[in-house]
Amino acid sequence: MEVPEVIEQRVKALIDSGRYATREEVFEAAMTALAFLEDMADIELREDEQEEIRRAVQIGIEQLDRGEKFPGEQVFAELEERNRLFQMKKAS
């Protein structure tokens, strides 16, 4: 798959950082995140819920900046489980 150079550079940087082992892992993470964002776009969140998400994202960014990271497989498993639970809740 061909992608713009700026995307290719970001993919390379993520692999070089050790956060991801392969190009495929990077794109899988991106697609998982996109699916999650699309699901979230259908939900109206209260302001306190939005602020909680902002805080969680900021904590994650700070952890990555400190070099604290988790194996991609673990992250994907947790995201898939959260998405599964979210989909079940959304369906009920």
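Read-outs: derived from the displayed coordinates by stated rules, not from any lab. If you're wondering where the values come from, they're calculated on a predicted model, not measured in any experiment. Cβ coordinates were reconstructed from backbone atoms using ideal geometry, including for glycine residues, and neighbour counts include every protein chain displayed.
About its Cα centre, region 5-91 has a charge dipole of approximately 160 debye under the convention of +1 per Lys or Arg Cβ and -1 per Asp or Glu Cβ, with nothing else charged.
Computed from backbone phi, the HN-Hα couplings of region 69-86 come to 8, 10, x, x, 4, 5, 4, 4, 4, 5, 4, 5, 5, 4, 5, 4, 5, 4 Hz, rounded to whole numbers (Karplus: 6.51 cos²θ - 1.76 cosθ + 1.60, θ = phi - 60°; Gly and Pro given as x). Take the chain and mark each of the GluC sites (Glu not before Pro) that is in a DSSP loop with at most 14 other Cβ atoms within 10 Å; the longest unmarked stretch, sites excluded, is 3-43. Taking all Cα pairs closer than 8 Å and separated by 6 or more residues, the relative contact order of region 5-91 comes to 33 percent. Straight-line cross-link reach from K69 at under 27 Å between alpha-carbon atoms covers these lysines, not counting any fewer than eight positions away in the same chain: K12. What the phi angles of region 34-41 give under the Karplus curve with 6.51, -1.76 and 1.60, with θ = phi - 60°, is a coupling list of 4, 4, 4, 4, 5, 5, 5, 5 Hz, glycine and proline written as x.
The Kirkwood hydrodynamic radius of the chain, based on inverse pair distances between different Cα atoms, is 15.0 Å.
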